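Data block below; observations after.
Here, each number is a calculation from the coordinates, and none is a lab measurement. On a predicted model such as this, the values are computed, not experimentally measured, just so you know. Using ideal geometry, Cβ is built from the backbone for each residue, glycine included, and neighbour counts are taken over all protein chains shown.
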Amino acid sequence: MEIAAAEFDRMWADLHAVGRNPATGGYRRFVWTDADHTMREWFTAEADGRGMELNVDRNGNQWAWWGSPTAGDALVMGSHLDSVPEGGAFDGPLGVVSAFAAVDAARAAGLRPTRPVAVVNFVDEEGARFGIACAGSRLLTGSLDRDSALGLRDTDGHRMYDVLRSAGHDPDAVGRDDELLSLVGTFVELHVEQGRDLVDRGRAIGVGSQIWPHGRYRFDLAGEANHAGTTRMADRRDPMLTYATAALAAAEQARADDLRATFGRLEVEPNGTNAVPSLVRAWLDARAGSEDELRRLVAEVERRARQQAAQHGTSVTMTTESESPATTFDRDLAARLSARLDDAPVIPTGAGHDAGVLALAGIPTAMLFVRNPTGVSHSPAEHAEHADCLAGVAALTAVLSDLAG
């Protein structure tokens, strides 16, 4: 493990400054931007340095192969390298760096894999630029419609189709890749925990049991632009009040039922300090322990928004931008990994992951979580202690040895 620890530290240091805002410590590694290209170049160099064959699939996902890529039944490890706006250092990159370090540890121990092993970097997992999470893995599995995806635009109006072409990828080749999927036998994703379950249990490593169902919903709230100083309150058609009602309804309902509801993105027109808005566009991220609970939560938010809109002369249009069902990871695989890792706790997560997309596509899938002492994620406060990171590498190495040794 000494070699793996040294390589982990080197790789982590190499990535530290890429896309980092020195004023906040947060990262902005959006897909197909300069920061993302730098991360992808790093991945290529790491594969080359280990003599691993590098493939980039039709959707832009990167694969580094130890063994023949075409042999089939591959054990695949990895995660993603992009980030949310002002995200933390660990969400995504920890899984990719740990996968390379696990390969180093296995090689140092003299392991000769009985099946191909690959490290993967799934592109655009966070969806920060085009608004669709897990785009790379969802396009790969066909769970995201290619034409809808290619028509998406970022906040500057650039279409995904044009961005891909500018980045040197063929947008016309995007879509489900049955040939590649047939080569994957098992997928294991290591990820920093996005919560405090492992902290409360006093354990460094956990095994994933399931992902809560979740969705992203856009609310278009229309009213009438007017002067902030001359328009009487009774005469206003202010969509910001409708938004406020929706946000409060989401928080109240989620708190009452121990669910998750977040309005984290907002666009306002004309966006003037002294103007009543004409349009408020707001995005709701909602998650629940069951699909019925999720539907009830979103329906209640929409009902309360429409009720307020009817009273104040505004309108509400809700669009479901993405929805993912409950995802249960392979139970036998989770039990096997838990036993291999000193009875590591098997825990659920409310966060979406590429592992969930592959699990829904029928690929035997597992997740490992590394303790996060802050419990905070999607923020510069996201953290994992160095010793716990190395414990994650050791756990992933044990999994590699167990599943491919």
Positive-end extreme of charge dipole, the chain - chosen from G95, A167, H227 (charges on Cβ)
H227
Lys/Arg Cβ at +1, Asp/Glu Cβ at -1, dipole of the chain taken about the Cα centre: which of Q194, H16, Q308 is farthest positive-ward?
Q308
Taking Cα pairs under 8 Å and at least six residues apart, what relative contact order does the stretch 326-374 come out at, in percent?
47 percent
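Rounded, prolate or oblate: which fits the stretch 18-162 when a ≥ b ≥ c are the square roots of the eigenvalues of the alpha-carbon gyration tensor, with rounded for a/c under 1.5 and prolate only if a/b beats b/c?
It is oblate, given that a/c is not under 1.5 and a/b is not larger than b/c.
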At 222 nm, what helix-only mean residue ellipticity would the chain give, in deg cm²/dmol to the nearest 500, using -39500 (n - 2.57) for each DSSP H run of four or more?
-11500 deg cm²/dmol
Work out how much length T44 to D73 would gain on full extension: take 0.36 nm times their residue separation and subtract the Cα-Cα distance, in nm to one decimal.
8.1 nm
Describe numerically, in nm with one decimal, the distance between label points set 7 Å from Cα along Cα→Cβ at E224 and at T374.
4.7 nm
Can you give the three extents of the C-alpha atoms in the stretch 104-215 along their principal axes, from longest to shortest, in whole Å?
46, 38, 23
When the dipole is taken about the Cα centre of the stretch 214-324, and only Lys, Arg (+1) and Asp, Glu (-1) are charged at their Cβ, what size is it in debye, to the nearest 20?
220 debye
When a/c is below 1.5 the answer is rounded, else prolate if a/b is larger than b/c, else oblate, so apply that to the chain with a ≥ b ≥ c taken from the square roots of the Cα gyration tensor eigenvalues.
prolate
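Once you order the gyration tensor axes a ≥ b ≥ c over the Cα atoms, which shape class does the stretch 323-384 get: rounded for a/c under 1.5, otherwise prolate or oblate by comparing a/b with b/c?
It comes out oblate by the Cα gyration axes.
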Pulled fully out, how much extra length does the chain show between N21 and E86, if you take 0.36 nm times their separation in residues and subtract their Cα-Cα distance?
22.6 nm
Could you point to the residue in L241, G206, T38 farthest towards the positive end of the chain's charge dipole, with +1 and -1 charges on the Cβ of Lys/Arg and Asp/Glu respectively?
L241
For the stretch 214-324, averaging the sequence separation of alpha carbon pairs under 8 Å that lie six or more residues apart and dividing by its residue count, the contact order in percent is 45 percent
Overall Cα dimensions of the stretch 1-103 - principal axes, largest extent first, Å
47, 36, 19
Rounded to the nearest 10 degrees, the helix 386-404 long axis (Cα) sits at an angle to the longest Cα principal axis of the chain of 60 degrees
Which loop-located trypsin sites (Lys or Arg not before Pro) does the stretch 232-326 contain, where loop means any DSSP state but H, G, I, E or B and the Cβ has at most 13 other Cβ atoms within 10 Å?
R232
Principal axes of the stretch 214-324: Cα extent on each, largest first, Å
48, 22, 19
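Rounded to the nearest 20 Debye, what is the dipole magnitude of the chain about its Cα centre when Lys and Arg each give +1 and Asp and Glu each give -1 at the C-beta?
Dipole magnitude for the chain comes out near 740 debye.
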With label points built 7 Å along Cα→Cβ from the Cα atoms of Q311 and R340, find their separation and express it in nm.
5.7 nm
Below 8 Å between Cα atoms, with a sequence gap of 6+, how large is the relative contact order for the chain in percent?
22 percent
